[in-house]
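Step one of this worksheet: look at the structure below.
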Amino acid sequence: MKFFCSKDCPDTCALNAELIDGKLKTSGIKEDWQTAGFVCSKFKVFAQREINNSVVSYRLMNGEKVPFGSQTEALEYAAERFKQYKDKKILYLKGSGSLAYNMGWWDVFMSRFENCYNIDGGVCDNTGGSAQEADFGTELNPPAENIGKADTVILFGKNAATVSQHLYSYLKDLKKLGRRIIYIDPVKTKTADIADRYVRINPGCDGLLAHDLLTKKEGGECLFRSETGVSADDFDYIYDSINGNTAFIEGFGLQRHANGMNSMRLINRLAVKTGNKDRLYYGHGSKRYWTSLKKTFKGSVSIHEAAQKLADGEFDLFVNVAANPAMTYPDAKNWTNGIKNTKTIVVDTCHTKTSENCSLFIKVGGMFAQKDFMASYFFEHYHDRERLTDEMSDLEVIKRLAELLDISIEFGEPDKKPLAPRQYTDENIIPLMPDTSDKFQVFSASHPAYLNSQHTQAIADSLKIVLINPKDAEKLNLVSGDEVTVENEHGYFKADAEVTDIVPEKLILCWKNVPMKEGYINDIVPPRLTDSGTGMVYYSVFADVRKN
């Protein structure tokens, strides 16, 4: 059957999929912008794992995880637990999961509990989305084919080789046709391989660079050259490449600084003022084409306060659907402590660091178990799909729990909503400076071998490392393989050093969402909002590094 992938990127790449004797067989389907369809390496590794995993629902009894004999038994037990907490104070979190529309019925179900609080804000694309809404009134992207009409493509922190493999393939095709590609990033990732010019920039300074480029275009004085760390030669090269036929692609990492929204708005402004509004791209919401499901909660808790409130015992029950905050969110230690000290129900396809300490785990089928539809984060299209396996989906679990609890929910198909085109609102945007420190700045990034929060044990064991520049390693008397401690006032973790010049001085890079030799990367990341007030800071984090 025709299927689409909703993992990781998600670009909703189309593919053919079928099950033969329990084995998944797939092949790529060519999209409009591709020379050939293909299935990316990440999907190949983890799709089969999702189908054939041995994860089952369980409850915690006397400190031991006791599996249920059937899913029917598990849901009946879950319904009794929900009845016990019907009038108690509940905190509810839903993660991205496989980003499908029908997962939103969990919101509707949980909103039926009168004392349930949801979490306001997010850790993925919220800051960037807020920037697009502020400037254009929408998160919509122009068609991907517009990139092909540009003479130059500028990637601001978009490591397409890892996070968007179909876009990377498209860019390779464009390079063969003579398009110029400029890649701007503090870290020299694999995406630099296809760039005509790789430009190293200081972290959080992309907006300052955009401001200076536009200022020069308008005959003004460049003020931030030294702060950006961009050489005069690189600056002039970018400046000469910006004309009325340039594509601008903004990566997710830009928004993970304290000044993330400001940076993205300054890039937006540069694109518009140089006549490239219809060649400006950022990831946008996967449910943007459809009206939101109606739900009303007792109240909400800001995402930067949620872990502490949970750890402080402010809630009687925590319900966590398809999120792994104990591993992937800032303030990971407080998330773990809160889950340990609060009755917690986790709903997920796989076991996670979050589910390790939960009171009740409800297994649901993943993206293969549920008919659904979703829009691409990058490409201006959407697909729908039929179910491929007979596992109970999120939607079926919700319907059964609602029935057991006598909760009336009118399930139905969503309505398409009208989408207005981009309309730029011109505003004078004052540049915000990035956070700086004499300590090491700590980055975490996606690795090409795993999904954001899913990895095999073998992969995890090989990536308990921090990448450090050779000059910094020399000062610390480090060689590759030496164990180091990375610590600040919020926490610490231990890992092995890997000395490499792909990272600049005074910056260390870890592969995100893997356990370190001791602790986790997000143990040192405090719960702090970006300048949008809707997203979380991951990259404006500083720490000491010492050899053990």
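Details
- Element breakdown for segment 222-343 at a 1.4 angstrom probe: carbon and sulfur atoms account for 43% of the accessible area.
- For the chain, adding -39500 (n - 2.57) for each run of n ≥ 4 DSSP H residues and dividing by the number of residues yields -7500 deg cm²/dmol at 222 nm.
- Of all beta bridges that DSSP places with both ends in segment 421-548, some 65 percent have antiparallel geometry.
- Listed cross-link partners LYS83/LYS353; LYS363/LYS512; LYS94/LYS277 are compared with a 29 Å cut-off, the Cα-Cα value being larger for LYS94/LYS277.
- For segment 191-258, the set of GluC sites (Glu not before Pro) satisfying both a DSSP loop assignment and a count of at most 13 other C-beta atoms within 10 Å is given as GLU218, GLU221.
- Dipole in debye (nearest 20) - segment 325-388, about Cα centre, beta carbon charges: Lys, Arg +1; Asp, Glu -1: 340
- Cα-Cα pairs of segment 112-185 separated by more than 16 Å (percent): 66
- In segment 441-534, GluC sites (Glu not before Pro) in a DSSP loop with at most 14 other beta-carbon atoms within 10 Å: GLU489, GLU505
- Residue-count net charge about GLU505 - beta-carbon cut-off 11 Å; Lys, Arg +1, Asp, Glu -1: +1
- Shown is the FRET efficiency for GLN84 and VAL56, computed with R0 = 30 Å from the Cβ-Cβ distance and rounded to the nearest 0.05: 0.85.
- Note on the chain: Kirkwood hydrodynamic radius from all Cα pairs is 24.4 Å, rounded to one decimal.
- 10 Å-binned pair-distance histogram of segment 456-497 (Cα, whole percent): 26, 48, 24, 2
- Count Lys and Arg as plus one, Asp and Glu as minus one, and take only other residues whose Cβ is under 11 Å from that of LEU476; the net charge is then 0.
- Debye equation applied to the C-alpha atoms of segment 109-240, log10 I(q)/I(0) at 0.12, 0.22 Å⁻¹: -0.60, -1.46
- Under 12 Å of direct C-alpha separation, and excluding same-chain neighbours fewer than eight residues apart, LYS176 reaches these aspartates and glutamates: ASP196.
- Solvent-accessible area per residue, Å², over the chain with all protein chains present [probe radius 1.4 Å]: 40
- The trypsin sites (Lys or Arg not before Pro) of segment 121-184 include none that DSSP puts in a loop with a beta carbon having at most 10 other beta carbons within 10 Å.
- Set LYS475/LYS547; LYS2/LYS44; LYS188/LYS517; LYS88/LYS294; LYS2/LYS30 screened for pairs whose C-alpha atoms are more than 18 Å apart: LYS188/LYS517; LYS88/LYS294
- Whether segment 192-265 is rounded, prolate or oblate, judged on the alpha carbon gyration tensor where a/c under 1.5 counts as rounded: rounded
- Gyration tensor (alpha-carbon) shape descriptor, segment 247-363, a/c threshold 1.5: prolate
- Gap separating the Cα centres of segment 443-488 and segment 506-548, nearest whole Å: 12
- The phi-based Karplus calculation (6.51 cos²θ - 1.76 cosθ + 1.60; θ = phi - 60°) puts the 3J(HN,Hα) values of segment 79-92 at 4, 5, 5, 4, 4, 4, 9, 3, 9, 8, 7, 10, 9, 10 Hz, whole numbers, x for Gly and Pro.
The values are calculated or read from the model by the stated rules, or taken from the named source; none is laboratory data. From a predicted model like this one, the values you see are computed outputs, not experimental measurements. Every residue, glycine among them, receives a Cβ derived from its backbone with ideal geometry; neighbour counts consider all protein chains shown. SASA here: full protein model, heavy atoms, side chains in, ligands and nucleic acids out. Shrake-Rupley method; radii C 1.70, N 1.55, O 1.52, S 1.80 Å.
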